[in-house]
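Everything on this sheet refers to the single structure shown next.
What follows is calculated from the coordinates using simple rules that are stated; it is not laboratory data. Treat the numbers as computed from the prediction; the structure is a model and nothing was measured. Here Cβ is always computed from backbone atoms with ideal geometry, including for glycine, and neighbour counts include all displayed protein chains.
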Amino acid sequence: MKYARALVPLVVFLGLVWFLAAGLWLDPKEVPSPLIGKPAPAFTLTRLDDAAQSIRREDMLGKVWMLNVWASWCVACREEHPVLVEFARKKLLPIYGLNYKDERAAGLKWIANFGNPYDASLFDQDGRVGIDFGVYGVPETFIIDREGVVRFKQIGPVTPEVLRDRIEPLVRKLNG
Amino acid sequence: MALARPCAYTLFFLVTLAFACLMASFIRHDFSVLYVASNSNSALPIEYRIAGVWGGHEGSLLLWVQMLSIWMLAVALFSRHLPQAVLARILAVMGLIAVGFLLFMLLTSNPFDRLFPAPMEGRDLNPLLQDPGMVTHPPMLYMGYVGFSVAFAFALAALIGGNLDATWARWTRPWTTVAWAFLTIGIALGSSWAYYVLGWGGWWFWDPVENASLMPWLLGTALIHSLAVTEKRNSFKSWTVLLAILAFSFSLLGTFLVRSGVLSSVHAFATDPRRGLFILAFLTVVVGSSFALYAWRAPSVGLGARFAVLSKETTLLANNVLLLVAAGAVMLGTLYPLLLDALGMGKLSVGPPYFDAVFLPLMAPAVFLMGIGPLARWKEAQAPDLAQRLRWAAGVAVGCALATGWLAGELHLVATLGLLMSFWIVASVATDLLERVHPAGSPWAQAPARMRQIPRALAGMMLAHVGVAVFCFGVTMVKAYEVESDAKMATGDSTTVRGYTFTFRGTREYSGPNYEALQGRIDVTQGGREVAVLSPEKRIYRVQKNPMTQASIDSGLTRDLYVSLGEPVEGGAWIVRVYVKPFIDWIWGGCMLMALGGLLAVADRRYRRKQATDPVAHAAPLAGTAP
Amino acid sequence: MRRLLFIALFAWAWVAGAKEAPSAAQDPVLEARVLHIAAELRCLVCQNQTIADSHADLAVDLRRQVREMLQQGRSDQEVFDYMTARYGDFVLYRPPVRSTTLLLWFGPGAMAVIGLVLLVLVLRRRSRMPAENFDKEESDAGSNAPGA
């Protein structure tokens, strides 16, 4: 029986190794969204291209839509942008941008240069709406359903794989 | 077996040659070496070119192996008294570890990879690392981490050879204590470096990389105490062996945590899951086979000498349990986020609020025991006797704790407990000392002679314990009584904190060797008398363009005056952050005393005397008690 | 644009020549609360720093958010709830006590208790063993000499 006790360190250690190995494939800094399955936060923001017009959360009810958080100072957004422009051509669902902590002129110039996949971009200069959506890094993308509930969040650039495997099936399902 | 020493010498020679080559590449600005191009620059001052050798992942691995080869050289040189078979096993174990790390470098992390075409300029060493701390902290730290491999190798050699006894403990003890002393110094240097570089005055953040160094330290502390018992009384044998394996295992675990990307940390190296996988596999093989060996051999190790339920042995065992639980708690907190994430149960952060809440209550009883253990007798101690001998110490400790709190201006519970712990240790050491130089019936005149007779091992223990008391005192005073003030200051404005008046005299610009700086000047007076001139800076390093805040500190025995520049506001004024931190340098002073105590203990005559008189084949299983 | 606003905890002020510098914040007590809360919130774009220490934009924004909420009269707990509603438990450096964290919070205490209980049991078992299991003692007097 002494042998059984002496084996304890080995057994505990092997258990630990299992967890450490699992950890190698995880990202310790990725923050999953607690908003999934909850209503999107209320917001009222002006349009990037027209400061006189506002868009509110209530305006977006009744349709499935995509919110893409971007900024002219964001380097990774340039990677993602062509993918979005291509995706917008399919007209699967309306895409709205959230121009996060940017200057109007810089944002408009960026879209003019790199293409505009958005039905409209919302101008969130101080980032408060971003905080309400739990944005911590740019780019991020949300899919919101007809009742205004957040269904999906992509942290980091949207890739063709993510669109094909996660977003498009979800949108089809939500549209019925 | 006769090959062991020559192999160790050769390994040392070859590794040192490689290390020297890398250092030469840095010094000569050889940017065709990828690692040099990533971590250096032609404007980098020479001392940071040298330190840059270990500024990144690949180079720090080479430093690791260099330290291992130095320890192997030392073991090969200072082991005339060891039987050849034992020495061969020890060096073999260490050699296998070296093989693992060298393979790791060759396969995944080669510091000598070339970059063609060679760039004209390097990317510069991270400005945060361009500091004297970078020259001393990693080498000291690695000497400690890697030094535990010696105890580890001794333990495995004993398990393999089947000769685990007091003699084994006597051989292992000095190596372990020296490694422990280096680790203590390394951690203290890291903490004080963070304090004066990071610009907001903290010195310990319970960051995963810091915890990765604390866990081996806690286990190493348990190990040196456990070795004392095994050497003295031939007891705790299988427990000590287990601790020796654990201490080095935690060193390796630390290496994994820091380089694999599994945890998020300010100190982490650039990571790569492939590297993490290699280290994990290596860790599994080394530690797994050691535990397997332990499971196979430990049950046949004898119980050693008997001791009573209350005895010095028991206090040391209790100390071991508490240190082990503390290490376990730190590990639990550090790995818990990973645990939950791997099980799909969400993401969590575990930070200073958790560790402070959990660690301090565990350490308090251990510190309390520190006051009792040294005075307890081996084999059997009497509680009434101990209580009687220590009642003066207890009373003095309580009195001093309360008096200090009152003098500092306010009393609060946690601070008073912290102070009580420090004074308790000092009073207990004083009691022990007094009993030895002035025992009942012996005149005071004999005291100096008796003092000189105290063996260095004992003197080292007392010094190290006093170091712990000094450390506790520093931590308590800073946490309880530090004062912070942020003021908007234009040139000529002043602010007063705790009797010190800080007057802002404006800023000037200057160019450093590889940075541009804006330097503020603050005159500090106390009661009209000039105390210090402080020069906090904001720097922009030319290559990496990171802005850095450089605090300015006036260190004193009883307080630090700490000033840093915040942000500029309109009108040429600045937000200036001022701290008065009482006794903060006692934190690192205490650590240095601990390390000195350890080194003093190792200088004890018995280690050198025994070398001359031990027959080479001495390895009797029942060695009995050593003097 | 970066703006760092710090707290002023104590200010014993007396006139000394040039103007006594005003504390950087409007309300030192409020700023103390802001920093106290900020020290427990994680900066999500940093490698393990609190929003109190970090200079990152998000950290500055979140500190501003905390300040505004406190100015509106919210309690500390409401601020923490606000943050976790948006970022999850990950943003708290003090992990909440729930079923998934019972092991975390009670583990150390349990380990200490178990360790000490085991110690006592092992000692008692050893004290009941016959003397042959242990080493023979050559002499007891030597072991407590000053060389110990």
### Message
Students often forget the sequence filter, so: which lysines lie under 27 Å Cα-Cα from B:LYS232 once same-chain residues fewer than 8 apart are removed?
### Response
A:LYS2, B:LYS312, B:LYS379, B:LYS610, C:LYS136
#### Entry: C-alpha center-to-center spacing [the stretch B:336-412, the stretch B:37-73] in angstrom
38 Å
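What shape does chain B take by its C-alpha gyration tensor, where a ≥ b ≥ c are the square roots of the eigenvalues and a/c under 1.5 counts as rounded, a/b above b/c as prolate, and the rest as oblate?
oblate
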### Task
Return the distance in nm (one decimal) between the two label points of a simple spin-label model at B:ILE50 and B:THR136, each offset 7 Å from Cα along Cα→Cβ.
1.4 nm
### Query
For the pair B:GLU570 and B:TYR9, how long in nm is the line joining their label points, each one 7 Å along Cα→Cβ?
7.7 nm
#### Entry: Cys residues of the protein assembly as shown counted as unpaired, since no other Cys beta-carbon is under 4.7 Å
B:CYS7, B:CYS21, B:CYS400, B:CYS472, B:CYS591
### Message
If you take each beta carbon of peptide B:501-513 and count the beta carbons of other chains within 10 angstrom, what is the mean?
### Response
1
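Can you give me the span-like helices of chain B, meaning DSSP H runs with 24 Å or more of Cα extent along the axis and Kyte-Doolittle mean at or above 1.0?
Taking the DSSP H segments of chain B (at least 24 Å long, mean hydropathy at least 1.0), we get B:4-27, B:57-77, B:84-108, B:132-161, B:237-259, B:273-297, B:312-342, B:352-372, B:413-437, B:456-481, B:585-602.
Give me the inter-chain shielding for B:302-309: mean count of other chain Cβ atoms within 10 Å, whole number please. Don't jump to the answer; show the numbers that get you there.
On the way: counts 3, 5, 3, 6, 8, 4, 3, 5.
Going residue by residue through B:302-309 and averaging, the value is 5.
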### Query
Which residues' amide hydrogens lie under 5 Å from the amide hydrogen of B:ILE575, considering only partners 5 or more residues apart or on another chain, with H built in the peptide plane?
B:MET489, B:GLY566, B:GLU567, B:VAL569
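Given R₀ = 41 Å, what would the calculated FRET efficiency be for B:GLU435 paired with B:LEU107, taking r from the Cβ atoms and rounding to 0.05?
Details: r = 59 Å, r/R0 = 1.43.
About 0.10, to the nearest 0.05.
Contour minus end-to-end for B:LEU17 and B:ARG606, with contour as 0.36 nm per residue of separation and end-to-end as the Cα-Cα distance? Before the final figure, lay out the partial values.
Numbers: separation 589, 0.36 × 589 = 212.04 nm, distance 3.60 nm.
Going from the current span to full extension adds 208.4 nm.
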### Along principal axes, Cα extents of the stretch B:451-532, largest first, whole Å
61, 37, 24
#### Entry: Size of electric dipole in the protein assembly as shown: Cβ of Lys, Arg +1 and of Asp, Glu -1, about Cα centre, debye, nearest 20
2520 debye
## Note on the structure
Here the FRET efficiency for A:LYS90 versus B:PHE116, based on Cβ atoms and R0 = 45 Å and rounded to 0.05, is 0.50
### Shielding score for B:350-359, defined as the mean number of other chain Cβ atoms within 10 Å
5
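What is the mean projected area of the alpha carbon convex hull for the protein assembly as shown, to one decimal in square nanometres?
The orientation-averaged projected area of the Cα hull of the protein assembly as shown comes to 44.2 nm².
How big is the C-alpha Rg of the stretch B:490-561 next to the rule-of-thumb value 2.2 N^0.38 Å, as a ratio?
Working: Rg = 14.1 Å, N = 72, 2.2 N^0.38 = 11.2 Å.
Relative to the 2.2 N^0.38 Å estimate, the stretch B:490-561 comes out at 1.26.
From the P(r) of the stretch B:299-429, can you give the percent of Cα pairs sitting at distances over 26 Å?
Numbers: 3688 of 8515 pairs.
In whole percent, the share of Cα-Cα pairs in the stretch B:299-429 beyond 26 Å is 43.
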### Query
Cα extents of the stretch A:88-137 along the three principal axes, largest first, in whole Å?
31, 24, 16
### Message
For the pair B:SER32/B:GLN388, report the inter-label distance in nm, with labels modelled 7 Å from Cα in the Cβ direction.
### Response
8.1 nm
### Query
In bins 5 Å wide, starting from 0, what share of all Cα pairs of the stretch A:1-85 does each bin hold, as a percent?
2, 8, 10, 12, 14, 13, 7, 6, 6, 5, 5, 4, 4, 2, 1, 1, 0
### Message
For the stretch B:550-585 and the stretch A:1-75, what is the centre-to-centre distance using only Cα atoms, to the nearest Å?
### Response
39 Å
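Using only the Cα atoms of the stretch A:15-149, what semi-axes does the equivalent ellipsoid have when each is the square root of 5 times a gyration tensor eigenvalue? Give whole Å, largest first. Spell out each step's value before the answer.
Numbers: eigenvalues 161, 68, 46 Å².
Value: 28, 18, 15 Å, ordered largest first.
If each DSSP helix of 4+ residues adds -39,500 (n - 2.57) and the sum is divided by the residues in chain B, what number results at 222 nm, nearest 500 deg cm²/dmol?
Numbers: 18 runs with 381 residues, N = 627.
Rounded to the nearest 500, the figure is -21000 deg cm²/dmol.
What do you get for trypsin sites (Lys or Arg not before Pro) in the stretch A:1-91 restricted to DSSP loop and a cutoff of at most 10 other Cβ within 10 Å of the site's Cβ? Walk me through the numbers on the way to the answer.
Working: sites: A:LYS2, A:ARG5, A:LYS29, A:ARG47, A:ARG56, A:ARG57, A:LYS63, A:ARG78, A:ARG89, A:LYS90, A:LYS91; in loops: A:LYS29, A:LYS63, A:LYS90, A:LYS91.
Hits after loop and neighbour filter: A:LYS90, A:LYS91.
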### Summary
In whole percents, the bins of 10 Å from zero upward hold the Cα-Cα pairs of the stretch B:81-211 as 10, 27, 28, 23, 10, 2, 0
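Loop by DSSP (not H, G, I, E, B), at most 16 other beta-carbon atoms within 10 Å: where is the longest site-free stretch of chain B for GluC sites (Glu not before Pro)? Don't skip to the answer; put the middle values down first.
Working: sites that count: B:GLU121, B:GLU410.
Longest stretch, sites excluded: B:122-409.
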### Query
Convex hull over the alpha-carbon atoms of the stretch B:170-209: what's its volume per residue in Å³?
66 Å³
### Under 16 Å from the Cα of A:LYS90 - aspartates and glutamates, other chains or at least 8 residues apart
A:ASP119, A:GLU161, A:ASP165, A:GLU168
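Using r as the Cβ-Cβ distance of A:LYS63 and A:VAL11, and R0 as 41 Å, what FRET efficiency do you calculate, to the nearest 0.05? Spell out each step's value before the answer.
On the way: r = 55 Å, r/R0 = 1.35.
Once the sixth-power term is evaluated, E becomes 0.15.
Which of the trypsin sites (Lys or Arg not before Pro) across the stretch B:69-166 are loop residues per DSSP, with 11 or fewer other Cβ within 10 Å? Don't skip to the answer; put the middle values down first.
Numbers: sites: B:ARG80, B:ARG89, B:ARG114, B:ARG123; in loops: B:ARG80, B:ARG123.
The qualifying sites are B:ARG80.
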